[in-house]
1. Which value, in debye to the nearest 20, gives the size of the charge dipole of the chain about its Cα centre, when Lys and Arg are +1 and Asp and Glu are -1 at the Cβ?
2. Charges on Cβ only, +1 for Lys and Arg, -1 for Asp and Glu, centred on the Cα centroid of segment 2-138; of Ile21, Val129, Gly43, which one is farthest towards the dipole's positive end?
3. If you average the sequence gap of Cα pairs under 8 Å that are 6 or more apart and divide by the length of segment 2-138, what percent do you get for the contact order?
4. Using 0.36 nm per residue of separation minus the Cα-Cα distance, give me the extension gain between Val56 and Asp113 in nm, one decimal.
5. As a test of the definition: which semi-axes, in Å, follow for segment 2-138 when you take the square root of five times each eigenvalue of its alpha carbon gyration tensor? Largest first, please.
Amino acid sequence: MISQQNAGGVQGMDKGTQAVITSLIHMMWADGVIEDYEREFMGAFLKEIQATPEEVAEIGKLMLVAPTEELNIREMLPEMSAREDAFQTMVAMAVVDGVLAKPERTLLDKIADHLEIPPERRRQLLQEVRQEVPDLKEE
């Protein structure tokens, strides 16, 4: 299970997009603090999905507090391809700073287990993202 503060979601967004945003917020808080580069990543993601100013403001409020409530994102992403896409987005958030920290790796493994992504497939998905960050360091 993945936790999230105010799990009610963002009005107007489909459940899959809400699940990705929820997971990204959780990933941002994995090390206990949200860094500027994580905010920039979220901003770029919201721009890519063409979030409205109201949605951006609502997501900004969700980012203010570390997630605490349980949320089953697997049910929000019933198709495996959507789960894999969400997982890769979470990996990209985790490595945006060029480092895959141990708490982030632990959370990614937990998320992959929750999303029922087999170990070999999650390694492939992680490798695809790693190719975009050639100097990636792991702690």
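Coordinate-derived values only; no laboratory data. Because the structure is predicted, anything quoted here is derived from the model rather than measured. Here the Cβ is made from the backbone with ideal geometry for all residues, glycine too, and neighbour counts use every protein chain on show.
1. 200
2. Value computed over the given set: Val129.
3. RCO, segment 2-138: 33 percent.
4. 17.6 nm
5. Value: 21, 17, 14 Å, ordered largest first.
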